[in-house]
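Take a look at the structure below.
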There are 2 protein chains.
Amino acid sequence: MTSQIGLGLHHLKTLHALRQTGSLVEAARMLHLTQSALSHQIKELESRIGMELFVRKTKPPRFTTAGLRLLTLADELLPQVRLAEQDLLRLAGGESGRLNMAIECHSCFQWLMPTIDRYREHWPEVEMDFASSFNFAPLPALSRGELDLVITSDPMNSPELEYIPLFQYEMLLAISRRHPLTEKEWIEPKDLEPEIMITYPVEHERLAVFRDFMDPANIEPEAIRTVELTLMMLQLVASQRGVCALPNWALAEYLDKSHIQTRKLGEKGIWCTLYAAIRTEHKGQPYMMDFIETAKETCFARLNGVRPV
Amino acid sequence: MTSQIGLGLHHLKTLHALRQTGSLVEAARMLHLTQSALSHQIKELESRIGMELFVRKTKPPRFTTAGLRLLTLADELLPQVRLAEQDLLRLAGGESGRLNMAIECHSCFQWLMPTIDRYREHWPEVEMDFASSFNFAPLPALSRGELDLVITSDPMNSPELEYIPLFQYEMLLAISRRHPLTEKEWIEPKDLEPEIMITYPVEHERLAVFRDFMDPANIEPEAIRTVELTLMMLQLVASQRGVCALPNWALAEYLDKSHIQTRKLGEKGIWCTLYAAIRTEHKGQPYMMDFIETAKETCFARLNGVRPV
DNA sequence: TGAAAATAATGAGTTTGATTCAAATTTATT
DNA sequence: AATAAATTTGAATCAAACTCATTATTTTCA
C-alpha cells in the first residue's frame with residue numbers, strides 16, 4: 001500500500017489498555033509486556049504519524065485528537081477481533097465442555113453473572129452450572145472432578161490443579177464514617193482488637209484479614225459475626241455494629257451512597273490475587289480458556305481498582 | 001491475553017488479497033511481498049488455529065468456514081482501519097492540496113468517477129478539477145504545474161515527474177462474433193493488415209496496438225477511423241465496420257450484452273501498465289498518496305482482469 | 001521545598017517473527 | 001508425457017518488537 005502508516009492491532013491494544021489503566025506500567029502488566037516495550041511502541045507509532053497520541057504531563061494521560069481517533073478505532077475493532085477469534089476457537093475446538101463453577105470469594109457474584117452472560121452468547125452449547133452451597137470446600141471438589149472451575153484467592157497446592165491469575169485487588173477495611181478509626185490514615189492490627197469483625201461464614205484461614213493481617217500480629221478481634229450477604233455486611237457497618245474487610249472493587253459502588261468509609265490495612269495495604277482454578281487437563285481447552293479470558297475482560301471493564309496480574 | 005490466536009491485520013490483508021486475486025502469486029504482488037511469504041504466513045496461522053483456511057486443490061481457492069469467518073472479519077476491519085488512517089493523515093498532513101487531473105486513457109472515466117466520490121468524502125477540502133480537453137498533451141502540462149495528476153499508460157521520462165504504477169491490464173482485440181478472425185486463438189500482426197482499425201483520436205505512438213504490436217512487425221491496417229466514445233467503438237465493431245483494441249477491463253462489461261468477442265494480441269498478449277503521474281515534489285504528500293491508494297483499491301474492486309503492479 | 005518513590009524515556013543488545021531466496025513438490029496445460 | 005505455473009518447504013536473512021539496565025522526569029509526602 002502506498003500511504004502506509006503501518007498500524008497494527010498491538011498498537012490498538014496498547015492504547016486501549018493505557019486508557020483503561022491510566023499508566024504505562026499498569027497497561028504493560030495487563031498486556032504481559034514491559035513498560036519499556038509500550039513506551040517504544042508508542043513512540044515509534046507517533047513518529048510514523050507525525051503527531052503525539054497523548055499528553056504525558058497529566059496523571060491519567062490526556063489523549064490528543066489523534067489518540068482519541070485510534071481509541072475509537074480500537075473500540076470498534078478489538079471486540080470484532082475477539083468475536084472472530086471466539087468463533088475460530090469454537091470451530092476448531094469443537095467439543096462442548098462442561099463448566100461447573102464455584103466461588104470462594106462471595107463478592108464475586110457481582111462480576112461473574114455478566115461474565116456468564118457474555119460467554120454464553122458464544123458458547124451456547126457449553127453446559128454451565130453453579131455449586132452454590134456455602135459450606136463445602138470447592139478446591140477438593142475440583143480435584144475430584146465434581147467441579148470444573150473455582151474462583152479463589154488462596155491457591156492450595158496440588159499437582160492436578162492449575163491456577164490462572166485473574167487480577168489483583170486490595171482488601172480494605174470498611175468502617176462507619178462516624179467511627180473513631182476514621183482518624184487514622186491506615187489501620188494497624190491492634191486497632192481491630194476492640195472491634196466486632198463481620199465476615200462471610202467461611203473458615204478463619206480463608207479470610208485475608210485474619211490470615212495476612214491480624215494472625216501474623218497475634219491479634220484477635222473482640223468478636224466475629226458472620227453474614228452471607230455483602231449488602232447486609234455494609235448495613236451493619238453503617239449502623240456501627242462492627243467493621244468488615246472487603247475487596248476494594250466490591251466496596252467501590254457503595255462508597256458514595258452509604259455512610260461508609262474505607263481504610264488501608266497496614267501501611268502498604270493488603271493486596272490479594274484472585275485466581276481461576278481449573279484441572280490441569282483443562283488448561284488450554286478453548287472453551288475453558290475463553291471463559292477465563294472473558295472473565296478478565298469483564299472485570300477490568302466493570303470493576304474499579306483492580307490491577308492486572 | 002490467555003486464549004490468544006495472535007491474529008494480525010497482515011493476516012486479514014493477505015486473505016483479502018487472496019480472495020480478490022484468486023492466487024497467492026497475484027495476492028503477493030498486490031501486497032508487495034513474495035508469494036513464499038504469504039504461504040508461510042498462512043501456514044503459520046493455520047497451525048495456530050488448528051484448521052485449514054482454504055482448500056488449495058481448486059483453481060480459485062475455496063475458503064473453509066474458518067477462512068470465510070476471517071474474510072468476514074477482514075471486510076469489517078480493513079475499511080475501518082483505512083478510514084482511521086485517512087483521518088490521521090489528514091490530522092497530521094494538515095494542508096489541503098489541489099488535485100487537477102487529466103487522463104490519457106479514455107476508458108478510465110469508468111473507474112475514475114467512483115474513485116473521486118470515495119476520495120472526496122475524506123478529503124473534502126482538497127480542490128479537484130478535470131482538464132477535459134481531448135487534444136493537448138497532459139504530461140508537459142503536469143511538468144509545468146498546470147496539472148497535478150495524470151493517468152497514463154506510457155511514461156515520458158522527466159526528472160520532475162514520478163510514475164506510480166496502478167495496475168496492469170491486457171490490451172485485447174475486439175471483433176464481431178461473425179468476424180473470420182474468431183477462428184484464430186490469438187491474433188498476429190499481419191491478420192490486421194486488411195482490417196479497419198477504430199481508435200481514439202490520439203497520436204499514433206500513444207496507442208499500444210500500433211506501438212507494441214503492429215509497428216514492430218511493420219504492418220499497417222487497411223484504414224484507421226477515430227471515435228471518441230468507447231461505446232460507439234463497440235457499436236461499430238459489432239456491426240462489422242472494423243476492429244479495435246481496448247483494455248480487457250473496459251471490455252469486460254460489454255462481452256455478454258453485445259455481439260462481440262475478444263482475442264489476444266500475439267501469443268502472450270499485450271500487457272500494459274497504467275500509471276499515476278505526479279510531480280516529484282508531491283510524492284509522499286498524504287492527500288496525494290491517498291488519492292492514488294483509493295484509485296488502486298477502487299480499480300481492484302471494480303475492474304475485472306486487472307493485475308497488481 | 002527537598003528527598004524518596006513511582007513512572008516514563010532512552011539506548012544497546014537480544015529475541016522473535018516475518019520475509020526472502022533457492023530448491024523441491026505439486027498442479028495445471030498441451 | 002513434458003513443460004509451465006503455482007505452491008510448499010527449509011535455511012538464511014532481516015527487521016520489528018521486546019527486554020534489560022540506566023537515566024530522566026514526575027509525583028508524593030515529610
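Each Cα pair under 8 Å and six or more residues apart adds its sequence gap; the mean of these over the residue count of region B:9-91 is a relative contact order of 29 percent. For region B:142-265, the calculated P(r), taken from all Cα-Cα distances in 10 Å bins from zero up to the bin holding the longest distance, is 12, 41, 30, 13, 3 percent.
Ellipsoid fit via the Cα gyration tensor, region A:98-309: semi-axes of 32, 18, 15 Å, each the root of five times an eigenvalue, largest first.
Which entries in A:Lys257/A:Lys296; A:Lys59/A:Lys268; A:Lys184/A:Lys268; A:Lys283/B:Lys57; A:Lys13/A:Lys264; A:Lys184/A:Lys296 show an alpha-carbon gap greater than 24 Å? Checking Cα-Cα distances, A:Lys257/A:Lys296; A:Lys283/B:Lys57; A:Lys13/A:Lys264; A:Lys184/A:Lys296 exceed 24 Å. Could you state the angle between the C-alpha long axis of helix A:35-49 and the longest principal axis of the C-alpha atoms of chain A, as a value from 0 to 90 degrees rounded to the nearest 10? Helix A:35-49 and the main axis of chain A meet at about 30 degrees.
Label-to-label distances for A:Arg241 across copies, nearest first, come out at 10.1 nm, using points 7 Å from Cα in the beta-carbon direction. Within the protein assembly as shown, all pairs of alpha-carbon atoms sorted by distance into 10 Å bins from zero give the percentages 3, 13, 18, 18, 15, 11, 9, 7, 4, 3, 1, 0. A simple charge model with +1 on the Cβ of Lys and Arg, -1 on the Cβ of Asp and Glu and nothing else charged puts the dipole of chain B at about 1260 debye relative to its Cα centre. Normalised per residue, the accessible area of region B:101-309 is 46 Å², obtained with a 1.4 Å probe and no contribution from ligands, DNA or RNA.
At what distance in angstrom do the alpha carbon centres of region B:58-100 and region A:1-71 lie from each other? Cα centres, region B:58-100 to region A:1-71: 21 Å.
Taking the Cα centre of region B:151-309 as origin and assigning +1 to Lys and Arg Cβ atoms and -1 to Asp and Glu Cβ atoms, the resulting dipole is close to 460 debye. For chain B, excluding the exposed loop sites themselves (GluC sites (Glu not before Pro), DSSP loop, at most 16 other Cβ atoms within 10 Å), the longest remaining stretch covers B:1-51.
Between the amide H of B:Arg225 and those of B:Met197, B:Ile198, B:Thr199, distances stay under 5 Å, these residues lying 5 or more places away or on another chain, with hydrogens modeled in the peptide plane. Heavy-atom accessible area buried between chains A and B is around 3400 Å² (1.4 Å probe, both sides summed). Treating each Cα of region B:9-91 as an identical point scatterer and summing with the Debye formula, the log10 of I(q)/I(0) at q = 0.11, 0.15, 0.19, 0.22 Å⁻¹ comes to -0.30, -0.54, -0.82, -1.05. Normalised per residue, the accessible area of region B:9-91 is 48 Å², obtained with a 1.4 Å probe and no contribution from ligands, DNA or RNA. Expressed per residue, the C-alpha convex hull volume of region A:209-309 stands at 150 Å³.
For region B:80-193, the Cβ-based charge dipole about the Cα centre amounts to some 300 debye (Lys, Arg positive; Asp, Glu negative; other atoms uncharged).
Considering only C-alpha atoms, what is the centroid distance from region B:176-217 to region B:248-294, in Å? Spelled out, the Cα-based centre of one part sits 19 Å from the other. Among B:Thr273, B:Ala102, B:His122, which residue has its Cα furthest toward the positive end of the charge dipole of region B:101-309, with +1 on Lys/Arg Cβ and -1 on Asp/Glu Cβ? Value: B:Thr273. When A:Ala131 is represented by a point 7 angstrom out along its Cα-to-C-beta vector, the spacings to that point in the other copies are 8.1 nm, nearest first. Compared with the dominant principal axis of the Cα atoms in chain B, helix B:109-122 is inclined by about 30°.
Computed from the alpha carbon positions, the gyration tensor of region A:8-150 leads to an equivalent ellipsoid with semi-axes of 38, 19, 13 Å, biggest first.
Convex hull volume of the C-alpha atoms in region A:227-267, normalised per residue: 80 Å³. Give the range of the longest stretch in chain A that excludes all chymotrypsin sites (Phe, Trp or Tyr not before Pro) found in loop regions by DSSP and having at most 15 other beta-carbon atoms within 10 Å. Formally, the longest exposed-site-free interval is A:137-309. Measuring heavy-atom accessible area with a 1.4 angstrom probe and counting protein chains only, the residues of region B:269-309 that give up at least 50 Å² relative to the chain alone are B:Glu293. The same position B:Leu91 in the other copies lies at 3.3 nm from this copy, comparing label points 7 Å beyond Cα toward the beta-carbon, shortest first.
The values are calculated or read from the model by the stated rules, or taken from the named source; none is laboratory data. Treat the numbers as computed from the prediction; the structure is a model and nothing was measured. As a convention, Cβ positions derive from the backbone with ideal geometry for all residues, glycine included, and neighbour counts pool all protein chains shown. Please note that ligands, DNA and RNA were not included when accessible areas were found on the heavy atoms of the full protein model with its side chains. Shrake-Rupley method; radii C 1.70, N 1.55, O 1.52, S 1.80 Å.
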